[in-house]
């Protein structure tokens, strides 16, 4: 938990993927997140959190569905959404939420 708090404090936006191993749509997100990372490179950090292994964190951020995606920057939640998103759409959301150009 402490490491998570340190990671989201940075100036680089952090896309957190709250997911579960048993979740089909969560598995669909893996190649999409890879595409987003390829598009944005070092301008974004992507963190995958297994809600079954990190229940305290999932409860803290009120994760009710998986996959749930959240964007953090400077320790502040900038955006949140649930479900599978396409790479271009997700990259655009990250850029807007974190004021990247």
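The values are calculated or read from the model by the stated rules, or taken from the named source; none is laboratory data. Please read these numbers as outputs of a predicted model, since none were measured by experiment. FYI the Cβ positions are ideal-geometry reconstructions off the backbone, even for glycines, and counts take in every protein chain you see.
Applying the criterion of being surrounded by fewer than 17 Cβ atoms within 10 Å (Cβ to Cβ) and under 21 Å from residue 8 (Cα atoms) to the residues of the range 21-34, the residue that is modelled with the highest pLDDT is 34.
With a requirement of 1 or more residues that are closer than 22 Å to residue 91 by Cα, the helices (runs of 4 or more DSSP H) lying completely within the range 1-76 that satisfy it span 2-8, 24-40. Within the range 83-91, is even one residue on the phi > 0 side of the Ramachandran plot, surrounded by fewer than 19 Cβ atoms within 10 Å (Cβ to Cβ) and free of Cβ contacts under 8 Å to residues at least 40 places away in the same chain? Among the residues of the range 83-91, not one is on the phi > 0 side of the Ramachandran plot, surrounded by fewer than 19 Cβ atoms within 10 Å (Cβ to Cβ) and free of Cβ contacts under 8 Å to residues at least 40 places away in the same chain, which makes the answer no.
Might you check whether a residue that is in contact (Cβ under 8 Å) with a residue 60 or more places away in the chain, more than 19 Å from residue 5 (Cβ to Cβ) and surrounded by 16 or more Cβ atoms within 10 Å (Cβ to Cβ) occurs anywhere in the range 40-53? Yes, the conditions are met somewhere in the range 40-53. Cβ-Cβ contacts under 9 Å between residues 6 or more apart (or on different chains), taken from a first residue in the range 1-30 that is in contact (Cβ under 8 Å) with a residue 60 or more places away in the chain to a second residue that is exposed (fewer than 11 other Cβ atoms within 10 Å of the Cβ) and not in a loop (DSSP other than H, G, I, E, B), are listed as 8/76; 12/42.
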